[in-house]
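No lab work stands behind these numbers, since they all come straight from the coordinates. All values reported here derive from a predicted model rather than from experimental measurement. A quick note on method: Cβ atoms are made from the backbone with ideal geometry, for glycine too, and the neighbour counts reach across all protein chains shown.
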């Protein structure tokens, strides 16, 4: 009997020790959760109390996060899907990014271009008890806004959709705030396909005896659909310099005032053959003032282009190569060293262009080589043009461009040059073999509202 009694006593001791361990563990957890007072006075149902405190402690520590899988259905022109949406998941402790097979909620994001905005539909499909199976929210993102502004536009729509799923799992994790509605409703757009852009560039300086003013302007109109684009541009540039006349040793007075201008027009058309290839053509005509290079110059070209990116790439990125061939007719102001007053010849060119957008900035680089098709040694040029574009607001862009060109062309006949004509002398830079130029321009534009994008053959 004594061995049996001893075994019973040992079993009772182990049971009491086990209960004490549970009580100690529960007390530690409860104190960490701020619930110590609830445990101290409970003694009669020790095991049940310990388990209840563990559950309460786990609940205070937070329910399991809602696992969300993001699925992008159609690319937009912003980083909303997946970059911004994944960032919003990481920013909230109640949410967790997960693969689709392990997700509690699958978020389908669909972007539709509408004029300057991306209309984004967020469709939440979940299987959490107490939450609707499907919730849909919608928001419009300004594609010309900064990344921070686009995230601020996206976040309320995202939170409206995911809140019910989080609340079904842990109601304490969701707070609701109502604000005054926006007084200005978003205007409806007509879906027209026309673009209109006015570009202005200017420079000026003034002193009492010296003045220098230069400027340029262009007006462009285009009709654009996802499959085709046609557009035309009228442009003009000019400058005025005023300074005291130069008096030579023989008392000859040489005026140093100059006035220069150039006017012209071009038209381009392009059509997609498939997502990578396109074809089209362009024509251009220019006329200079009487001291310029051309009485008139006209050319027309047919071209084919391959682009690594789609013509409607959401970010406007490009990595393209263009081959163009055509015919040019020139009428010169001065006879050249070949004895030509005019020339007609076939031309061709290869153009490589890359453009990549980062937030509101677009960085570009264009490389071009071209010249006379049958005798490239007589007329040719090689150029490189880096550029930066900055979107300011909805209808204004600023462009900074620098160009360097190595070229070969018949120079004017020295016998045609008047040594006393300073204006003419100052305009002979077109015969120099190396040229560099830069510009800072402001573009004011009214965009189409059909949401289409098509950047093919814009280099011609």
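Size descriptors for segment 295-364, from the alpha-carbon set: Rg then Dmax equal 18.0, 53 Å. Based on the alpha-carbon set only, what is the convex hull volume of segment 219-297 divided per residue, in Å³? Convex hull volume per residue, Cα atoms: 119 Å³.
Remark: the residue 227-residue 381 segment gains 52.2 nm on full extension, using 0.36 nm per residue and subtracting the alpha carbon distance. Among 444, 230, a tally of other beta-carbon atoms within 10 Å of each Cβ gives an order, fewest to most, of 444, 230. Thinking of segment 102-162 as a set of Cα atoms, what percent of all their pairs are more than 18 Å apart? The calculated P(r) of segment 102-162 puts 38 percent of pairs beyond 18 Å. For segment 202-244, the C-alpha radius of gyration sits at 1.94 times the compact-globule guess of 2.2 N^0.38 Å, with N the residue count.
Sorting 81, 72 by the number of Cβ atoms found within 10 Å of their own Cβ, with the fewest placed first, yields 72, 81. For segment 66-173, the alpha-carbon radius of gyration amounts to 1.02 times the rule-of-thumb value 2.2 N^0.38 Å expected for a compact globular protein. Could you check how many percent of all C-alpha pairs in segment 194-446 are farther apart than 30 Å? Roughly 36 percent, rounded to a whole number.
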